[in-house]
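The values are calculated or read from the model by the stated rules, or taken from the named source; none is laboratory data. Since this is a predicted model, take the numbers as computed values, not measurements. Counting neighbours? That spans all protein chains shown, and the Cβs are built from the backbone with ideal geometry, glycine included. Please note that ligands, DNA and RNA were not included when accessible areas were found on the heavy atoms of the full protein model with its side chains. Shrake-Rupley method; radii C 1.70, N 1.55, O 1.52, S 1.80 Å.
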Amino acid sequence: MIRIVIAEDQRMILGALAALLDLEDDMTVVAKASNGEDAVKLARLHQPDVCILDIEMPLKTGLEAAEELSALSLNCKVVILTTFARAGYFERAIKAGVHGYLLKDSPSEELADSVRTIVRGRRLFAPELMDEAYGEENPLTEREKAVLTLIADGKSTKEISEELYITPGTIRNYISVILNKLGVGNRVEAIKHFKDKGWFK
């Protein structure tokens, strides 16, 4: 019997996923969580064969939970199940050692088959993710990423310059380069574009 823990913050989806998998003769959902922190606790408690995680959850994201589960070296296959085909998320999931990264809009019958395949030792990644991940790389340098992250945190040009020990004029130059590289017109669009790509860590 394949023992599964599922973490999903939308309760209706959580219930539907659990019910779907419980219908399979060779699977049982041993625990459900609505955030990443509880998912890690339940995985430690129940020692499941598979842990299915959504990405955007409170307290701990699915990616943070996957990283923690990897560090704990539990004998548990981690599967990300999400609506987000974002290159940055996918790259981080691969680094966390996940065994599967599947999209929620896949046919429901595919989920159980995917779980079986992953339990047998194979890794499964949605084809759309492969296209997204290898089709476009983050164009910003580490310093430019640091500047944009601070802008997203609501910091002013003056505050960013103090934090990074560079002049306000240099910060303005960085912002101009960032907008140009991302092909957007202002800071808000830059933050949205960067977030949509999953490039914020």
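Structural remarks
- With every protein chain in place, the chain: carbon and sulfur % of accessible area (1.4 Å): 51 percent
- Rg and Dmax of the chain, both derived from C-alpha coordinates alone, stand at 19.4, 65 Å.
- Fluctuation leader among 89, 174, 165 - the chain, Gaussian network, Cα springs under 10 angstrom: 165
- Heavy-atom accessible area per residue - segment 2-134, 1.4 Å, Å²: 48 Å²
- Kirkwood Rh and Cα Rg combined as Rg over Rh, evaluated for segment 1-55: 0.94
- About its Cα centre, the dipole of the chain is roughly 580 debye, where the only charges are +1 on Lys and Arg Cβ and -1 on Asp and Glu Cβ.
- Cross-link pairs beyond the 18 Å C-alpha cut-off, checked among 145/192; 95/181; 32/77: 95/181
- Accessible solvent surface per residue of segment 142-197, calculated while the other protein chains remain in place, 1.4 angstrom probe, Å²: 59 Å²
- Spacing of the two label points (7 Å from each Cα toward its C-beta) at residue 192 and residue 13, in nm: 2.1 nm
- Taking every alpha-carbon pair under 8 Å whose residues sit at least 6 apart, the chain reaches a relative contact order of 15 percent.
- Cα-based Kirkwood hydrodynamic radius, segment 142-197, one decimal, Å: 11.1 Å
- Tilt relative to the chain, helix 108-119 - C-alpha long axis, 0 to 90 degrees, to 10: 90 degrees
- Helical contribution to [θ] at 222 nm, DSSP H n ≥ 4, -39,500 (n - 2.57), averaged over the chain, rounded to 500: -16000 deg cm²/dmol
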